[in-house]
Amino acid sequence: MGRKRRPRTYKTNEAQPSLFDLVREDEKKRISVVAPGSFNLSCRLRSELSEGLKRCSLSRYEVAAHMSELVGTEITKSQLDSWTAESKELHRFPAEYLPAFCHVTGYTEPIRTMARMLQCYILESEEALLAELGRIDQVKRDLSRKEKEVREFLNRMRS
């Protein structure tokens, strides 16, 4: 039990697309009527889970153990194998385990994939703060514009 936990690390060979790139890509794909079957993400989710396990420095046994700790339910390596195997179509990854999986592996793409299906985007730490700063700047610009309009109107009233 005294084993030290290795830090989570995963390979980042490709550059992460910007939020603008993702929104622009989704706008190209957007259709007014959602196509039947377009929300079946079974294959994509299996693929993303597998990728997360590959990129994680922990073994599948360790991932299962840490997830078990977090969710309070035993999760085994065998279950992880079944949830990621293309041949095990009837074995579905439970959605309530997804946050624990992302936390343990350090790989958030499975949850990002699900969010993008709804044209939603997940911002992490610094990205979220930068987005908030952008929102604050926009409010400042709007207030400045409003202030200018009021001052101009007031000056016209005085003339």
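Does at least one position in region 77-86 carry a residue that is part of a loop (DSSP other than H, G, I, E, B) and closer than 15 Å to Ser47 by Cα? Break it down into steps so the answer makes sense when it comes.
Residues of region 77-86 part of a loop (DSSP other than H, G, I, E, B): 85-86.
Applying the additional criterion that residues be closer than 15 Å to Ser47 by Cα yields 85-86.
Yes; the residues of region 77-86 include at least one that is part of a loop (DSSP other than H, G, I, E, B) and closer than 15 Å to Ser47 by Cα.
Please count how many residues of region 84-105 are hydrophobic (A, V, I, L, M, F, W, C), crowded, with 17+ Cβ neighbours inside 10 Å and at pLDDT below 95. Result for region 84-105: 1.
So, in region 106-129, exactly how many residues are outside any loop (DSSP other than H, G, I, E, B) and either touching a helix residue (DSSP H, G or I) at 6+ places or on another chain (Cβ under 6 Å) or surrounded by fewer than 12 Cβ atoms within 10 Å (Cβ to Cβ) (or both)?
Counting residues in region 106-129 that are outside any loop (DSSP other than H, G, I, E, B) and either touching a helix residue (DSSP H, G or I) at 6+ places or on another chain (Cβ under 6 Å) or surrounded by fewer than 12 Cβ atoms within 10 Å (Cβ to Cβ) (or both) gives 8.
Considering every residue within region 104-126, establish whether at least one is of a type outside the set (Val, Ile, Thr), within 25 Å of the chain's Cα centre (by Cα) and more than 24 Å from Ser50 (Cα to Cα). The answer is yes; a qualifying residue exists.
When Met67 is tested against (1) within 23 Å of Val23 (Cα to Cα); (2) modelled with pLDDT of 90 or more; (3) surrounded by 16 or more Cβ atoms within 10 Å (Cβ to Cβ); (4) of a type outside the set (Ser, Thr, Tyr), only condition (1) is not met.
What are the residues in region 131-159 that are of a type in the set (A, V, I, L, M) and modelled with pLDDT under 90, if any? Walk me through how you get there before you give the answer.
Quick first cut of region 131-159, residues of a type in the set (A, V, I, L, M) only: 131, 133, 136, 139, 143, 150, 154, 157.
Matches in region 131-159: Ala131, Met157.
The values are calculated or read from the model by the stated rules, or taken from the named source; none is laboratory data. Remember, it's a predicted structure, so these values are computed and weren't measured experimentally. Methodologically, a virtual Cβ is constructed for each residue, glycine included, from the backbone with ideal geometry; neighbour enumeration extends over all protein chains shown.
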